[in-house]
Amino acid sequence: MIKERSAELNRLHSFISKPGFSSVLVYGKHNTGKSSLVHTVIKDNTATKIFLSVDSESKEIVINSIKRKCSEAFPNILMPKSNEISQLIKFIFENSVNEKVILVIDDFAKFINLSNEIITFLESFKGRFRTYGNIKLICVSSSNDFYKDALESQKGKDKFFDDIITLEEFDYFTAATFYSRYFTEERLFFYSVFGGSPLYNSLISSNKNFIQNLKDLLLYHDSPLRNTIKSQLNEAFAKKYEADELLTILAEKKFARYGELKTEFKNRSLAGDFDYTLNKLIELGIIEKKAPLHFENDKKKFFYLFADPLYEFFYSLVFKETEDDILPEEIDRTWENKIKKGFEEEFFPRRLHFIAMEFIKREGKKGKFKEDILQVAPFFANPRSLEWDGTIIAETLSGNYYVVLNTTKRQLDKAKVEQVAYSLYEKQRPYKNLILISRGLFAPNINRLQYITYRLPALYSKI
């Protein structure tokens, strides 16, 4: 899992080796390997290491945890009597004058919620300890809002962080290194469920096929990833069943607007706090809020969909079919009779859409399109009804658009291509090329438009 992070690993090593005070933010969604990266870098360092984390929403419990770790790091130094987090952090900074200290705060955004003044204190510490302190401050966070604030602060003269290391989820081509021994179609199956999460992919056994891995990791009641889902939601919600129900609703709809989700939530006789549940799931990186690319500034067009394919697969096909008390011998029958068809005919083709988007991004970085790709997003012919027309748009730096038509087994005909081209023209979105990605056949008479042709699965064997 770490070898795929060599660039980030080297940056963090470089940060640790510099003398004096400096600070870095390690940011990434949940399960992208942030803590593993930090632990790998600092484990053999001779400095005094202090790893602070928020394991509870209780300020008292967190403070007691910080005090215990401070006393372990500095056993012969009298601890301050204060019960303020900022004063305990100050104590750590003051002791960096006499010895090298590596201070890790994970998750930093949660620390801010418990101690609003910590940012102000750290700002004042920077000025004082940059000259004569020897402390490395590593802040770890999965909060997108905090990350955006941190990026904005980098534009000023007095940056809060000396560096920001961003851990992206792996795309298909990187994630497939975890299961490179399999045939192309099976690699696509793996990625469609486990996505780009280093944690999920690191648990895949190379000695078992896709279905065996799926059963072992997710379908049995004591499977590790089933337990990961359960524990993550139990920690975040006092009433987990409300999160379960909202995720089930979204799985049924595939994507939905705020009003649709809220109405259905209430219709199922749930009297819980819908907004809290939805926002918490977004914060956890399970759900994301998006807009069609050509309506990105229209708030009425925003919709919600799964950000984590494992959760989408679980709540679409597994959650209601495999209760916790299901017997292991029933799993094979459940897969064959209730899950397999839905996976092959609905879930997997939808995930191919997103893998195609990743492919366009990667090809853009390789200079395939001779201009930088800014963003890639689904295109909806009718945003009001959210009908997915099978089209993806890639916006380029120069304002041109590449179009991806992802057909299934049907032939992609000239009329369909021209229909999309005209639809873009109507919305003043000129196309540069048509990129045709198909699992079926191409019509021979598509010759009036400039296009690049790819075929599945050969396209995905290029890793």
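One table, with the values for the structure above:
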{"read-out": "In region 34-82, the residues that are assigned to a loop (DSSP other than H, G, I, E, B) and within 17 Å of E94 (Cα to Cα)", "value": "A47, F74, P75, N76, I77, L78, M79, P80, K81, S82"}
{"read-out": "Some residue of region 207-225 being among the hydroxyl-bearing types (S, T, Y), under 30 Å from S180 (Cα atoms) and either at pLDDT 90 or above or outside any helix (DSSP H, G or I) (or both)", "value": "yes"}
{"read-out": "Selection from region 243-271 of residues that are part of a helix (DSSP H, G or I) and open to solvent by 10 Å² or more (accessible area, probe 1.4 Å)", "value": "D244, E245, E252, K253, Y258, G259, E260, K262, T263, E264, K266, N267"}
{"read-out": "Only listed residue being open to solvent by less than 10 Å² (accessible area, probe 1.4 Å) and over 21 Å from E288 (Cβ atoms), chosen from Y179, Y191, Y172, Y220", "value": "Y179"}
{"read-out": "Test: residue in region 75-88 that is open to solvent by less than 10 Å² (accessible area, probe 1.4 Å), in contact with a Phe, Trp or Tyr (Cβ under 6 Å, 6 or more places away or on another chain) and either over 21 Å from F15 (Cβ atoms) or modelled with pLDDT under 85 (or both)", "value": "yes"}
{"read-out": "Number of positions in region 102-155 that are polar (S, T, N, Q), open to solvent by 10 Å² or more (accessible area, probe 1.4 Å) and touching a helix residue (DSSP H, G or I) at 6+ places or on another chain (Cβ under 6 Å)", "value": "2"}
{"read-out": "Selected residue (criterion: farthest from T334 (Cα to Cα)) from residues of region 231-242 that are outside any loop (DSSP other than H, G, I, E, B) and open to solvent by less than 60 Å² (accessible area, probe 1.4 Å)", "value": "A236"}
{"read-out": "Candidates S35, S53, S22, S96 - the one that is of a type in the set (S, T, Y), under 22 Å from the mean Cα position of the chain (by Cα) and at pLDDT below 85", "value": "S53"}
{"read-out": "Residues located in region 120-177, provided they are without any contact (Cβ under 8 Å) to a residue 60 or more places away in the chain, of a type in the set (A, V, I, L, M, F, W, C) and over 25 Å from I42 (Cβ atoms)", "value": "A175"}
{"read-out": "Within region 256-273, considering residues that are within 20 Å of E312 (Cβ to Cβ) and modelled with pLDDT under 90, the one farthest from the chain's Cα centre (by Cα)", "value": "R268"}
{"read-out": "Selection status of E99, of a type in the set (D, E, K, R), open to solvent by 50 Å² or more (accessible area, probe 1.4 Å) and assigned to a loop (DSSP other than H, G, I, E, B)", "value": "yes"}
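The values are calculated or read from the model by the stated rules, or taken from the named source; none is laboratory data. In this text, all values refer to a predicted model and were calculated from it rather than measured experimentally. Every residue, glycine among them, receives a Cβ derived from its backbone with ideal geometry; neighbour counts consider all protein chains shown. These accessible areas exclude ligands, DNA and RNA; they are computed on the full protein's heavy atoms, side chains included. Shrake-Rupley method; radii C 1.70, N 1.55, O 1.52, S 1.80 Å.
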